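Since the structure comes first, as structure tokens, the remarks are kept for the end.
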Amino acid sequence: MLNYEVDPEILKPYIPYSTVLDLYEGKALVSMVGFLFRETKVLGVKWPFHVNFEEVNLRFYVKHFDGKEWKRGAVFISEIVPKSLIVLVANNLYKEHYRALPMRHSINPAGNDYTQYLYEWKLNGVWNKLGATVSNHFEDIQPKSAEEFIFEHYWGYNGLGPEKTMQYQVEHISWQVAQVKDPVFEGDIAELYGEKFVPFLKVAPFSAFFANGSEISVRIGEKIVGNKNI
């Protein structure tokens, strides 16, 4: 996960109804995320040729007060996967913003107890890339750390209209994290996310993290309408 500080103004059009930006030390962050889905099931079913695949997404962080507590979640600006069926299912079930592009990844030893991870996607005939060199030593996430802020978001939110939001729960154990060096992101930012993101994503990331992942359950979403869940 490569994390970048952005002007909060550029995120305003994406903030779902009944949520507010979740800031880290007063900063609005977006994350470029690359990861692998493994042993994937949709509604309990493994679909042939759609079990193991890559995803790269751009997301930012919000929180929603449900009347009792704040729920911390993520909003996805764009999600890239290699299969059109995934796009169809995710965009319909969760009202996400998926697109299908050719993708590939590599995981290679990098010497001195490090591993190099690289995710690539082909856009307009050019391979874009996201990756880093990661320590093989993992540690628990520390309370109130920068890693905790990024990884401990267990809800997803998508705006459905002026007074309607899709909310869904993401369940997993707390992950372990490893040190990262030599992060790389090379992509057509304007084509992927719009010109307004170019100045913020062309610079070195604010921070870079890697987590080992785990089994994850994504619950069926519900709608927040007029501050009521239905």
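The values are calculated or read from the model by the stated rules, or taken from the named source; none is laboratory data. A quick note: this is a predicted structure, and the numbers were derived from the prediction, not measured. No Cβ is skipped: glycine too gets one built from the backbone with ideal geometry, and neighbour counts run over all protein chains shown. Only protein heavy atoms, including side chains, enter the accessible area calculation; ligands, DNA and RNA are left aside. Shrake-Rupley method; radii C 1.70, N 1.55, O 1.52, S 1.80 Å.
Numerical summary
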{"read-out": "Pairs from K129/K223; K27/K223; K144/K202; K68/K202; K129/K196 whose Cα-Cα separation, in the structure shown, is over 31 Å", "value": "K129/K223; K68/K202"}
{"read-out": "Base-10 log of normalised Debye intensity for the chain (one unit scatterer per alpha-carbon) at q = 0.15 Å⁻¹", "value": "-1.11"}
{"read-out": "Rounded FRET efficiency, nearest 0.05, which uses the C-beta distance separating V184 from W70 and R0 of 25 Å", "value": "0.15"}
{"read-out": "Pairwise centroid distance, computed over Cα atoms, of segment 110-130 with segment 176-216, Å", "value": "12 Å"}
{"read-out": "Efficiency of FRET from Cβ geometry, E148 and K202, R₀ 25 Å, rounded to 0.05", "value": "0.35"}
{"read-out": "Straight-distance crosslink candidates among aspartates and glutamates, where the alpha carbon sits under 20 Å from K12 and sequence neighbours closer than 8 are dropped", "value": "D22, E25, E79, E96, E163, E191, E195"}
{"read-out": "Nearest 10 degrees, 0 to 90: helix 84-93 Cα axis against the chain principal axis", "value": "30 degrees"}
{"read-out": "M1 accessible area, assembled protein chains, probe 1.4 Å, Å²", "value": "40 Å²"}
{"read-out": "Estimated FRET transfer efficiency (E171, H137; beta-carbon r; R0 41 Å; 0.05)", "value": "0.95"}
{"read-out": "Surrounding net charge for W70, when Lys and Arg each add one and Asp and Glu each subtract one, Cβ distance under 10 Å", "value": "+1"}
{"read-out": "GNM top mover of G111, G73, G156 - the chain, alpha-carbon springs below 10 Å", "value": "G111"}
{"read-out": "Segment S214-L36, extension gain: residue separation times 0.36 nm, minus the distance between their alpha carbons", "value": "63.0 nm"}
{"read-out": "Whole-Å semi-axes of the ellipsoid equivalent to segment 149-222 (Cα gyration tensor, √5λ, descending)", "value": "26, 23, 9"}
{"read-out": "Segments 195-205, 8-18 sorted - mean Cβ within 10 Å per residue, highest first", "value": "8-18, 195-205"}
